[in-house]
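The values are calculated or read from the model by the stated rules, or taken from the named source; none is laboratory data. The model shown is predicted, which means the values in this text are computed figures rather than measured ones. We place every Cβ from the backbone using ideal geometry, glycine too, and count neighbours over all the protein chains shown.
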Amino acid sequence: MSREVIELIDSLQRTGDLSMWVYAMISNYPENLDYCLNKGIIKTDNLNVCYVKVYGDGALGSRGAALKKSYSDQHNHFGTTVTPVEEIQKVANRIAGSDYQMNTHAIGDSANIVVLKAYKSTLKGKKDRRWKVEHAQVVSPLDFNYFEEGLIPSVKPTHATSDTYWAADRLGAERVKGAYAFKKLLDTAGLVALGTDFPVEQVSPFLTFYAAVAKKDTKGYPQGGFQPNDKLSREEALKGMTIWAAHSNFEELEKGSKEVGKFTDFVILQDDIMAIPENEIPNLSVLHVYIADKILK
């Protein structure tokens with residue numbers, strides 16, 4: 001978001017016209033960084049602005065993701081670098097001198113290694129910065145180890161189920177093995193933050209949960225799941241959507257689990273998401289929603 005949009009959200013929250021709590025990222029534009037990095041983290045009861053969103057490359061479907069080798073279905077095409085390599089390093093250096101996090105969109109294996117190397121070199125000696133790689137969608141086998149050093153993969157499980165029909169065409173049979181690797185990212189990083197990527201994907205958290213544990217779309221395709229070795233367990237998926245996501249935002253003392261002193265945010269579902277048959281997860285409905293002790297539904 002821009003500074004202007006963030007300030008509008010803040011004003012609407014203060015007047016009571018907007019009850020939604022927002023964890024916002026400032027867009028990587030000079031005017032936004034000049035204001036926010038100098039001002040410091042913006043934190044109210046309803047708004048948290050503490051990181052910068054940077055774009056490393058485009059999307060895989062449009063062949064905009066930056067790859068190390070050309071697309072398997074388009075010879076000599078390597079995707080698109082949105083932010084130049086030198087600029088990513090420059091921005092990382094600037095953000096590291098502030099209290100802000102850096103969160104970079106990286107889909108292709110080339111974009112991922114550029115971001116991971118920039119993070120590693122910039123954060124050397126700096127502890128617990130929790131910088132994120134947004135999507136971490138296609139990672140080369142030798143590059144997963146970068147996540148061992150406190151960097152957080154923030155993934156969108158429904159991308160795997162949307163892309164399953166054509167991902168192997170774009171990447172080829174071998175390279176696709178390092179894509180949508182939720183379990184491998186978890187084993188390497190120690191946690192994964194899960195999100196919807198709405199409005200690119202549907203907003204339903206049940207679809208996020210289902211894609212993470214089944215790696216199928218709502219039609220049941222593919223049978224057995226897309227790259228089933230990288231499925232998450234239901235407990236892992238639940239943590240990825242709650243306490244691990246909160247940790248990735250430096251909000252684990254406020255939310256993400258039911259503990260004394262934390263916000264009373266929870267939902268009551270019609271069935272037990274941890275026990276119902278897998279194919280029933282997408283159709284779950286919510287009976288009640290509680291936010292800060294107030295029932296919204």
Residues of the stretch 159-182 being surrounded by fewer than 19 Cβ atoms within 10 Å (Cβ to Cβ) and among the charged types (D, E, K, R), in sequence order, are D169, E174, K177
In the stretch 258-273, residue nearest to P222 (Cα to Cα) [restricted to those that are out of contact with any Phe, Trp or Tyr (no Cβ under 8 Å at 6 or more places or on another chain) and surrounded by 13 or more Cβ atoms within 10 Å (Cβ to Cβ)]: D271
Is there a residue in the stretch 23-43 that is buried (at least 18 other Cβ atoms within 10 Å of the Cβ), in contact (Cβ under 8 Å) with a residue 60 or more places away in the chain, under 21 Å from the mean Cα position of the chain (by Cα) and in a loop (DSSP other than H, G, I, E, B)? yes
In the set N103, N93, the lone residue that is surrounded by 18 or more Cβ atoms within 10 Å (Cβ to Cβ) and either β-branched (V, I, T) or within 29 Å of K43 (Cβ to Cβ) (or both) is N103
List the number of the failed condition for K124; all other conditions in (1) touching a helix residue (DSSP H, G or I) at 6+ places or on another chain (Cβ under 9 Å); (2) farther than 25 Å from K177 by Cβ hold. (1)
Note on the stretch 44-62: residues β-branched (V, I, T), within 22 Å of the chain's Cα centre (by Cα) and closer than 17 Å to F250 by Cβ are V49, V52
Flagged pairs (Cβ under 6 angstrom, 6 or more apart or on separate chains; first in the stretch 107-125, over 9 Å from V138 (Cα atoms) and touching a residue at least 24 places away in the same chain (Cβ under 8 Å); second charged (D, E, K, R) and part of a helix (DSSP H, G or I)) are I113/D143
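Residue by residue, here is whether (1) in a helix (DSSP H, G or I); (2) charged (D, E, K, R); (3) farther than 22 Å from D187 by Cα holds:
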{"residue": "A92", "(1), (2), (3)": "yes, no, yes"}
{"residue": "I95", "(1), (2), (3)": "yes, no, yes"}
{"residue": "S98", "(1), (2), (3)": "no, no, yes"}
{"residue": "H105", "(1), (2), (3)": "no, no, no"}
{"residue": "A111", "(1), (2), (3)": "yes, no, no"}
{"residue": "K120", "(1), (2), (3)": "yes, yes, no"}
{"residue": "G125", "(1), (2), (3)": "no, no, yes"}
{"residue": "D128", "(1), (2), (3)": "no, yes, no"}
{"residue": "V133", "(1), (2), (3)": "no, no, no"}
Condition check for E259: in a helix (DSSP H, G or I), of a type outside the set (S, T, N, Q) and free of Cβ contacts under 8 Å to residues at least 12 places away in the same chain: no
With the requirement that a residue be of a type in the set (G, A, S) and either farther than 17 Å from A237 by Cβ or modelled with pLDDT under 95 (or both), what does the stretch 272-292 give you? S285, A292
What is the residue count in the stretch 106-142 for residues that are surrounded by 18 or more Cβ atoms within 10 Å (Cβ to Cβ) and at negative phi? 23
